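A short reminder: the numbers here are calculations on the coordinates, not readings from a lab. Keep in mind that this is a model prediction, so the values were computed, not measured. Here the Cβ is made from the backbone with ideal geometry for all residues, glycine too, and neighbour counts use every protein chain on show.
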Amino acid sequence: MRQFTFPRMRTALVALCSMSLLAVVLVYTQHVSAIDQDILKLNRIVQTNKVNTAATMIFKEGRDMIEAQNWSKAAQKFNEFIKGYPKEKDVDAALYWYGYALQKQGLKEDAATPLRRLIERFPGSSWRREAEALLVMMGYQNIVADFKNNDDCEIKVLALQSLFQADEDRAIAIVTDSLKAGSTNCPGFQSAAVSLLGSHGGARAVPILLDIARGNGDLKLRLTAVKRLGEQHSEQVSDELIKLYEDAGIKRERVLIKLASTWEGVRAAEVLQKEGINCNMTLLFAPAQAAAAAEAGAKLISPFVGRIYDWYKKSAGAEWDEVKNGGANDPGVQSVRKIYAYYKKFGHNTEVMGASFRTVGQITELAGCDLLTISPDLLKKLADSNDKVERKLSPELVANEPIQKIAVDEPTFRFLVNDDAMATEKLAEGIRTFAADAVKLEKVIAALQ
């Protein structure tokens, strides 16, 4: 493993902590995906049985009932196949789906019988792994107890997941043991174990996750720990995460957390700002978002001038008139001007940082804004230009803007944002992009090892 210099460690730390505080919704789909694959496998059996014997017809009817999610009839058909045709080559598949249909009806003990029978009578079956996994998901300790000796990494992960539900103390002990060097030869098991600890360990998991986040030599594990800490929804955890910066010599006032301007993101900013942790509200396209961010006390907002411009230009199509809709009439420029005026009129201290510029003209039309973030190519164009730049924004210049106070309660916020087609589309698009970028960031961090 490479030795980390302080700058490298700091870069990794900033990336890790920033990711932990982004509002990201994750959905666990591994088990659903596996079942889909099992059904495809079942369908292949039916498709390869070309002869319509009584046995194949019963098996096909069982398959049809599985697809229809008629679990009672599916169990009946597969049981009929098993009893009537015990020497047929697909008895192992029938045993698995018989057990599966029974457990879907909540008959856990009944379901375990055909699954165990499959494992014992058909040790080389292609359905054995599915049967073991299903038993683990059902919480059977005879599979869970021996998971350390199981060479199948997926089964080990499923066993640990089940163990968290049956014996949390032992599960936590296994996780901590797995973090020791050379404790497992399963690729990815440590990361999965840490992830399960964060999902199921509750408050008891926090000290362990913090230890991993602070000092584990594997950045992948640190990333997993920080992500799980970020899901604890605890102000104490947020404070501990910021202390990671302080341990690296970075004061908390220098930290700026970037949050999406959803209702949930605004509420997160409100909590963080009270802890002295500054927030930048991004993906901001509607006045309601700006008003809510200011009421929450966000340090700054970054409305995207160029993305707003892009949406209106694309929406207008061939009817777009660049001369008519440029300059001070640019929809992105107008949006930032209105927000700036709103903040000055109602005495908000939140700073406005115009962002995502497409042209020099958009920048100069917002001269005087609290902050502007400008790309290197546009900065060069500004530097090379001799054109006079006049201040367009100041508290005095916007003092007479006709602006009404915006209510920032949750129902009004959601209605106003959803009522704005541009804001709705660009916010959703931005969140999807941020989620994809988070995956890319994980890969970058992993490459630092």
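Overview of results
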read-out: Stretch gain in nm, segment Asp177-Lys220, where the contour uses 0.36 nm per residue and the Cα spacing is subtracted; value: 13.7 nm
read-out: Cα pair distances exceeding 26 angstrom across region 252-372, given as percent; value: 22 percent
read-out: Point-to-point label distance, Lys388-Trp320, nm (Cα→Cβ direction, 7 Å offset); value: 3.2 nm
read-out: Contour minus Cα-Cα distance for Glu429 and Glu401 (0.36 nm per residue); value: 7.0 nm
read-out: Above-threshold pairs, the threshold being 21 Å between Cα atoms, out of Lys274/Lys426; Lys77/Lys156; Lys324/Lys345; Lys313/Lys405; Lys345/Lys392; value: Lys274/Lys426; Lys77/Lys156; Lys324/Lys345; Lys313/Lys405
read-out: With eigenvalues of the C-alpha gyration tensor scaled by 5 and rooted, the chain, Å; value: 55, 29, 19
read-out: FRET efficiency, 1/(1 + (r/R0)^6) with R0 30 Å, evaluated for Leu107 and Arg44 via beta carbons; value: 0.65
read-out: Rounded to 5, percent antiparallel among DSSP beta bridges of the chain; value: 0 percent
read-out: Relative contact order of the chain, pairs being alpha-carbon contacts under 8 Å that are 6 or more residues apart, as %; value: 12 percent
read-out: Relative packing of peptides 255-268, 82-95, 332-345 - highest average C-beta neighbours within 10 Å first; value: 332-345, 255-268, 82-95
read-out: Cα-based convex hull volume of region 148-254 per residue, rounded to whole Å³; value: 94 Å³
read-out: Under-5 Å amide H pairs with Ala296, H placed in peptide plane, nonlocal only; value: none
read-out: Paramagnetic label zone (point 7 Å from Cα along Cα-to-C-beta, Thr53; backbone N under 18 Å) in region 76-117; value: 78-95
read-out: At R0 = 25 Å, FRET efficiency that the Cβ-Cβ distance of Tyr312 and Lys380 yields, to 0.05; value: 0.40
read-out: Asp211-Glu120 pseudo-label distance in nm [points 7 Å out on the Cα-to-Cβ vector]; value: 4.2 nm
read-out: Rounded if a/c under 1.5, otherwise prolate or oblate - region 30-138, Cα gyration tensor axes; value: rounded
read-out: Pair-distance profile P(r), taking every C-alpha pair of region 316-449, with 10 angstrom steps and integer %; value: 10, 28, 35, 20, 6, 0
read-out: Cβ crowding within 10 Å averaged over residues, with 289-298, 210-219 ranked highest first; value: 289-298, 210-219
read-out: Zone residues, region 264-292, relative to Ala436, backbone N less than 19 Å from point 7 Å out along Cα-to-Cβ; value: 283-284
